[in-house]
Amino acid sequence: MEKKIKTRDLLIQTAGKLFTLHGVKGVSAKQIAEAAGTVPNAITYHFGGLDNLIDAVWEHALNNMDYVRIEDYYRENQHLLKTSDGKRQLVSEIIDLFFKMIWSSNESQWEIPFLLSASITEAGQKRIQQWGSSRFAGVLMKVYVDVTGNDDIESALGWVFSVAGGAVIYTINLGVFTAILKADGIPESCYRRLQHITTQSALFSLGLLPK
């Protein structure tokens, strides 16, 4: 039983990494099995076929997007909006939760690049929309409106993209950065530096940097 679970997880991890590099349509069941060090019929045995393995990869990747934690934090800390210091704390901690969501030393780090690269396809967009990808953007837009009092949607979205854009670009170009850094993955220190820059920029654009 233990071996069965390990093989199933290995196939999900291997398929996810290959899909990230070559696209969902660019990888065969045989290639996945060979990369995982198992036989082709292992995919049929564990998943019933390649389509079900693709579903399992999507489910695994989406489950790593812990938007609920960010939503809960925002809902439970409305009192912070009463002061400038509180607003700074609210914005800074939401950005911290976002960066913790997209980077973890315990994860294989293919999940976010997979979601980002797959989201440009029609099928990928449909899956992500059904799952609720707009939830993080929705929270940030509420933060912008609550802090500034400006309910202009375009202004709010512009601020959301300024907060998330750097991390998205950094993560989707995982291969480029790991090649430059000569590392297997992007070090946590790089994400932390990006997080600091992102937070300072977000606070500045909201007029919340201490004078």
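The values are calculated or read from the model by the stated rules, or taken from the named source; none is laboratory data. This one's a predicted model, so the numbers in the text were calculated from it and none came from an experiment. Surface accessibility is based on the protein's heavy atoms, side chains included, excluding ligands, DNA and RNA. Shrake-Rupley method; radii C 1.70, N 1.55, O 1.52, S 1.80 Å.
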Revision key, fill the gap. Whole-Hz Karplus couplings 3J(HN,Hα) for the range 73-82, θ = phi - 60° and coefficients 6.51, -1.76, 1.60, Gly and Pro as x, run 4, 4, 5, 7, 10, 4, 4, 5, 6, 7
Point to revise | Solvent-accessible area per residue for the range 37-100 (1.4 angstrom probe, square angstrom) | key: 52
Study note, to complete from the structure: For T7, the accessible surface traced by a 1.4 Å probe with all protein chains present amounts, in square angstrom to the nearest 10, to 30
Point to revise | Distant-in-sequence amide H partners of M65 (H built 1.01 Å from N, under 5 Å) | key: none
Review point. Using θ = phi - 60° and the Karplus curve 6.51 cos²θ - 1.76 cosθ + 1.60, what whole-Hz ³J(HN,Hα) does each residue of the range 61-72 get, with Gly and Pro shown as x?
Key: 5, 5, 5, 7, 8, 8, 5, 4, 4, 5, 4, 5
